[in-house]
Amino acid sequence: MLAVLLIVVGLLAPLLSPYEPTAFSENTLQGPTSQHWLGTNDLGQDIWSRVLFGTRTSLINAFFVAIITVTLAAALGGSAALIGGLYERFILRIIDILLIIPNIVLIIVIAAYLRPGIVMLILILSVFDWPGCARIIRSQTLILKGKAHILAAKTFGGGDLYILFKHIIPDLSPILMSSFIAHARRAVFMEAGLAFLGIADPAMVSWGIIINRALQYSYLSVWYWIIPPALGLAVMVTAFSYVGYALEEIINPRLKV
Amino acid sequence: MKISKRTIILTMIILLLLSLTGCGRENKEKKTVFQEDEVYTIADSTGDWGFPAPYTHYNRGPGYVRMSLIFDTLIWKDKTGSFVGALAQKWEYVEDDTAFVFQLRKDVKWHDGESFTAADVLFTLDYLKEHPYSWSDISLIDRAEALDSHTVKVYLKKAYAPLLANVAGTLPILPRHIYKNINSPLEYTESDALVGTGPFKLVDYNKEHGTYLYAANEDYYLGQPRINKLQFIKIGEQMIPNAVLDGTANTGSIPPELVEQFKAKGLTVLVSDHSWNAKLKFNLQEEPFANKKFRQALAYGIDRKKLVNISQRGHAVIGSPGFIPPDNPWYSSEIEQYDYNPEKARKLLEELGYVLEREFLEKGSKPFTVEILTSGRFSGDAELVKNDLDKLGIKTTVRSMDGKTVDARTTEWSFQLVISGHGGLGGDPAFFNTNVLADTFHSARYKDNQELLSLLNQQLETIDENKRRELLAEIQKIYAIDIPALSLYYPTTYEAMDSKVDLYYTPGGLASGIPIALNKLSFLQ
Amino acid sequence: MEKQRIVDYLIAFLIILSLNFFLPRLLPGDPLTAIYGDDALLSITQEAKEDLAAKMGLDKPLLEQFGIYLNSIFKGDLGYSYYFQSSVQKLLLGTLPWTLLLIVPALFISTILGFIVGLESGWRYGRLFDKRLLTGFMLLNGFPNFLVGISLLLVFSVSLGIFPLAGAVTPYAQLSGIRLLLDILHHLVLPLTALVTAEIAASYLLTRTTVLTVLGEPFILTARAKGIRTVNIKYKHLGRNSLLPVVTRIAVRLGRMFTAVLLIENIFAYPGVGLLIYRAILARDFLVIQGVLFVVAVVILVTNFLLELLYKKIDPRVIEHAY
């Protein structure tokens, strides 16, 4: 429900917001008024509009990071399990090694140098996030590989790719879905964290950026400025958690005692 | 049943933690009350500015200031911004010899008890040849000699007006008996590197915690400091106002929005002068930015007043096209002011061959686009400038990068427009030369105008103040016509303090122009 | 298999070493400008700059620099930072203890508390108690850790004045012994709470899920059927079997904790490694960035490795999923 609401807000942001999120005015640092429901920021921009548009940024970021990560993971993990042999070992090695490297540190350093905008951010987050998921997909594919209908498909002459797309992926879809949600959740978190550290493109309209700015004026007790994006973040992450949780219950029926 | 058990244990753990910290609190209060009368505390958001010896403090204003409490210069600026004697009692310029003569004080002792003499001054100048000191350029000093044990004569290669401010008033004099044994001062952080003649001695420096503790030098030749201990502590930028309010610190910088509130609470708020500027830089190696007329068009087309009102929320002075801030004694108002005039800007652009097609300008039926490169704190400025340029029909994009990256790209001329900022506009007007001619990224690196070039060189050699002022007026006039770079605004900063010590912003800044309200003279009785 | 794993770790270690070296250098920005500052107040001659560049080895070709770097790393020398005017080892030794003081207790407290609560919650699966806890922790999980930190700081330090505004000790209070300890604890409470709060939810959720899985295992039913006391079943049978994944996750969480610590140290001006690397990044201080990353990576690698060994010993079945 919450997730749907957020998506609707993200899609309708331009309709719901009374101002352009980047429009300046000379009314800087105003408290909430009837014109500016949540007041204005230090550049006279309307906070309410920015929070609405921030939803959009977060969703876009989450969606694309999750899509790219899961696709990469499915392609590499799935193919490794199907093809096997040296290729599998090679992929597994890469996965193992990448998993050992503390990627978070690398993300921070790269971001600090590049000040990524939304596109760059999505790429950086995706590149470092796929190995864990790939490992799960590989092991699940291995299990599936031994199952009757896939063996059947194989005996009828289905190629590896055909099997991957026609049988494995659909069978894996619950797991893919739950990984998708988990990565989406992480992406939202990471974006906010990087923005908070001030190492994202400050021109981006995102919750993290809004919070980062607001905190610079925390001495003015600008609660109306800090709380809405923070709440947005919390709600979005929680929404993802719930969806993920619900999915897990479906995948793993044993959880229902 | 089980729930309550768990809850009880949890509550107990929390209570335990709380009670522990409660104890800590009590202890701390007793301590601070006991000490409050003798320690003067300065809050700083960065904390660590390096080991406060001349060669090891970080090359930033706050680092220099922490060093300046321990080391003295020959002369120093007082509350009014004029030079008063420090290690030198008297000084004069001997025009015939192009030399300065400094009469040194005879009653000065180093912190370790040794006497200070002319030999120390000569040694320092010598030492600098081997180990350059970033804050003073001594390349124009020909030689120095001691006329007697307490008189030094410094011969110049040619007349050099900034010598007083940037060498005599900036260069810390080193103790010969100690530094002669130090071969790599950049890495030397033993305690004897801190033997100076200044009003304070360092008791402790802690890099991790960003704290400094100083004790008064009771034998200081200008009188004993009126506080026994001075400490710098590190507090996050947003927390400094609270620290000043609740007495954790005696002074600290505060944001403009809190000025009224602090005044109402009986604290004094100091207002800085304007020696820092946000600047629009042009790539002078690339058309159309290399074209004077184009730069003038932008100067008319950018609403600098709006920048002040929005990005600085009114707490800044509008940038002068002549570069020198209006409250600077060298400022001249006889220059083209470029009040916001988009019509005129558009006309100039038309003259350059730009045609408005639909919303945007084209030249030779190619759309004209511009990229502004900027970093963190200027991103708001850049967006505002973009708005103005868009209005002129110049399709503009803003690219935000990390500050150091922007600096690097500026150095390599790989940009079109850059918005960044720098300080140093307070001290000796030699800064004009550094910011126009030098090959650093803050400089416009503009050497095309021969007249400007020769005037700039001339002003450095003009010791007479009035003549120099005339030259600078002329320089500003030409600068405002050529606009090698456009100063957008000069922000105002504020420092709050209680009544214990009367701090002040030294007019023109400390030493070579550091805009920090911590003149060591304010601690003397 | 053992051998291959060790080789994996070595490769990872080498990759980290090289990334560590090349990443900061391939990205734009000049460390000399950082040292010399952007104050237009300075007058530095070209010779002085070249001199320093030579001292820092920046004038040599990149590969040669890499060679020197590897060589000195194996000698245990992390270099000298001309920005901080101190050797990197000294900087790390000065800051690492404070970070450990935050991370280690936070790791323990969040793991143990999260485990206990998660166990209780899972035990009561589907009941009101469980549902409330689950909702609560999920919401907590949603709150970014830096916000928790900021809120704590604003409420307890700024508004209520119970805790100090910044730092790890009261500067120059000349405290000693037990008072110093209390002072340090006093400064530690808020950042530690923030870290624990940020971490506890993850530990809780993981325990709870595991507990649910284990609950379905036959041996629990057997235990129940045998009439063993509930407390015993809960902690002896269920608890021990659910502990494993929680412990293995510690390595993963250590990495995440480092990010959290970076944020939290910045908020509380806590003098740890997080604050150090943040300043080093801003100043383009290659050597310090390298040094910190190196140490952090090594700590994580070693923990990972040890945990893996431990894990294999305890439960040889699950090697395949041991990440």
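The values are calculated or read from the model by the stated rules, or taken from the named source; none is laboratory data. Just so you know, these numbers come straight off a predicted model, no measurement behind them. Heads up, the Cβs are rebuilt from the backbone with ideal geometry, glycines too, and the neighbour counts pull from every protein chain shown. The protein model used for the area step is the full one, side chains on, heavy atoms only, and it has no ligands, DNA or RNA in it. Shrake-Rupley method; radii C 1.70, N 1.55, O 1.52, S 1.80 Å.
With both labels modelled 7 Å from their Cα along Cα-to-Cβ, the C:Glu50 to C:Gln89 distance reads 3.3 nm.
The share of accessible area on the range B:71-187 that comes from carbon and sulfur is 44 percent, using a 1.4 angstrom probe. For the range B:277-491, which whole percent of the accessible surface, found with a 1.4 angstrom probe, sits on carbon and sulfur atoms? About 46 percent, which is the carbon plus sulfur part of the accessible surface.
What's the percent breakdown of Cα-Cα distances in chain B across 10 Å bins, shortest bin first? Distribution as computed: 4, 16, 24, 23, 17, 9, 5, 2, 0, 0 percent. At the listed q of 0.13, 0.14 Å⁻¹, the Debye profile of chain A, built from one uniform point per Cα, gives log10 I(q)/I(0) equal to -0.87, -0.96.
For an R0 of 22 angstrom, estimate the FRET efficiency from the Cβ-Cβ distance between B:Asn228 and B:Asp502 and round to the nearest 0.05. Approximately 0.80, to the nearest 0.05.
Calculated accessible area for the range B:277-491 comes out at 38 Å² per residue, all protein chains present (probe 1.4 Å; ligands, DNA, RNA ignored). Using amide H atoms built in the peptide plane, which far-off residues or other-chain residues are under 5 Å from B:Ile42 H to H? Hits under the 5 Å cutoff: B:Gln231, B:Phe232, B:Ile233, B:Asn250.
Positive-end ranking of C:Ile16, C:Leu113, B:Ala299 along the dipole of the protein assembly as shown, with charges on Cβ about the Cα centre, is headed by C:Leu113. Seen from B:Glu362, the other residues with C-beta closer than 13 Å to its C-beta sum to a net charge of +1, counting Lys and Arg as +1 and Asp and Glu as -1.
Largest first, the residues C:Phe108, C:Phe66 sort by 1.4 Å accessible area into C:Phe108, C:Phe66. Interface burial in the range A:223-241, defined as at least 40 Å² less accessible area with all protein chains than with the chain alone at a 1.4 Å probe, covers A:Trp223, A:Ala234, A:Thr238. With a probe of 1.4 Å, find how much accessible area chain C has per residue, and write the answer as a whole number in Å². Normalised by residue count, the accessible surface of chain C is 42 Å².
A protection proxy built from the mean count of other Cβ atoms within 10 Å ranks the segments A:211-220, B:456-465, most packed first, as A:211-220, B:456-465. Is the range B:287-401 rounded, prolate or oblate when judged by the Cα gyration tensor, a ≥ b ≥ c being the square roots of its eigenvalues, rounded requiring a/c under 1.5 and prolate requiring a/b larger than b/c? Because a/c hits 1.5 or more and a/b fails to exceed b/c, the range B:287-401 counts as oblate. Shielding value for B:55-62 is 4, the average number of Cβ atoms from other chains within 10 Å of each residue's Cβ. Rolling a 1.4 Å probe over the protein chains gives C:Val158 an accessible area of about 50 Å².
Of the residues B:Thr493, A:Ile107, B:Ala43, the one whose Cα sits farthest toward the positive end of the charge dipole of the protein assembly as shown, with +1 on the Cβ of Lys and Arg and -1 on the Cβ of Asp and Glu, is A:Ile107.
How many angstrom lie between the Cα centre of the range B:455-524 and the Cα centre of the range B:327-357? The range B:455-524 and the range B:327-357 have Cα centres separated by 25 Å. The label-point distance for A:Tyr245 and B:Asp246, in a model that sets each label 7 Å from Cα toward Cβ, rounds to 3.6 nm. Computed from protein heavy atoms with a 1.4 Å probe, the total accessible area buried between B and C is close to 5500 Å². B:Ser365 sits with roughly 100 Å² accessible to a 1.4 Å probe, with DNA, RNA and ligands left out of the calculation. Taken along the Cα-to-beta-carbon direction at a fixed 7 Å, the label points for A:Phe165 and C:Leu58 span 5.2 nm.
Normalised size of the range B:76-131, defined as Cα radius of gyration per 2.2 N^0.38 Å with N residues, equals 1.33. Contact residues in the range C:255-278 (at least 30 Å² less accessible area with all protein chains than alone, 1.4 Å probe): C:Thr259, C:Leu262, C:Leu263, C:Ala269, C:Pro271, C:Tyr278. Test of the criteria: in the range B:118-199, which GluC sites (Glu not before Pro) are in a DSSP loop and have at most 13 other Cβ atoms within 10 angstrom of their Cβ? Taking the range B:118-199 and a limit of 13 other Cβ atoms within 10 Å, the loop GluC sites (Glu not before Pro) found are B:Glu190. Counting only protein heavy atoms and a probe of 1.4 Å, the accessible surface of chain C is 68% carbon and sulfur. Given R0 = 56 Å, the distance between the Cβ atoms of B:Leu524 and B:Glu336 translates into a calculated FRET efficiency of 0.80. Surface calculation, 1.4 Å probe, protein heavy atoms: A:Met177 sits at approximately 90 Å² accessible.
Taking square-rooted eigenvalues a ≥ b ≥ c of the alpha carbon gyration tensor, is the range B:71-187 rounded, prolate or oblate, where a/c under 1.5 means rounded and, failing that, a/b exceeding b/c means prolate? Since a/c stays below 1.5, the shape of the range B:71-187 is classed as rounded.
Buried accessible surface for the B/A pair, both sides summed and rounded to the nearest 100, is 1700 Å² with a 1.4 Å probe.
Per-residue mean of foreign Cβ neighbours for B:47-53 is 3 (Cβ atoms of other chains, 10 Å radius).
Scaled to the globular estimate 2.2 N^0.38 Å, the Cα spread of the protein assembly as shown, given as radius of gyration, is 1.02. The spacing between the range B:51-119 and the range C:228-258, judged by their C-alpha centroids, is 66 Å.
Would you work out the relative contact order for the range A:70-255, in percent, from Cα pairs under 8 angstrom that are 6 or more residues apart? Taking the mean separation of contacting Cα pairs over the length of the range A:70-255, I get 24 percent. Surface exposure of the range B:48-156, expressed per residue as accessible area with a 1.4 Å probe, stands at 37 Å². Once C-alpha pairs closer than 8 Å and six or more residues apart are averaged by separation and normalised to the residue number of chain B, the relative contact order reads 19 percent.
Here is the interface size for A with C: some 4600 Å² of accessible area buried, both sides summed, with a 1.4 Å probe. Quick one: plug the Kirkwood hydrodynamic radius of chain C (C-alpha pairs) into Stokes-Einstein at 4 °C, 1.567 mPa s, and report D in µm²/s. Diffusion coefficient, whole number: 57 µm²/s. Shape descriptor for the range B:277-491: Rg over Rh equals 0.96 (Cα atoms; Rh from the Kirkwood inverse mean 1/r). Note on A:Trp37/C:Leu306: beta-carbon distance plugged into 1/(1 + (r/R0)^6) with R0 of 51 Å gives a FRET efficiency of 0.40. Measuring between their Cα centroids, the range A:163-232 and the range A:36-92 lie 9 Å from each other.
Under the criterion of Cα pairs below 8 Å and six or more residues apart, the relative contact order for the range B:277-491 equals 36 percent.
Taking GluC sites (Glu not before Pro) across the range B:347-406, the ones in a DSSP loop with at most 11 further Cβ atoms lying within 10 angstrom of their Cβ are B:Glu359. By the rule of a C-alpha distance below 25 Å, with chain neighbours fewer than 8 residues away ignored, the lysines paired with B:Lys305 are B:Lys279, B:Lys281, B:Lys292, B:Lys293, B:Lys344, B:Lys347, B:Lys386, B:Lys391, B:Lys395, B:Lys477.
Counting only lysines at least 8 places from C:Lys234 when in the same chain, those with an alpha carbon closer than 18 Å to its own are B:Lys2, B:Lys5, C:Lys226.
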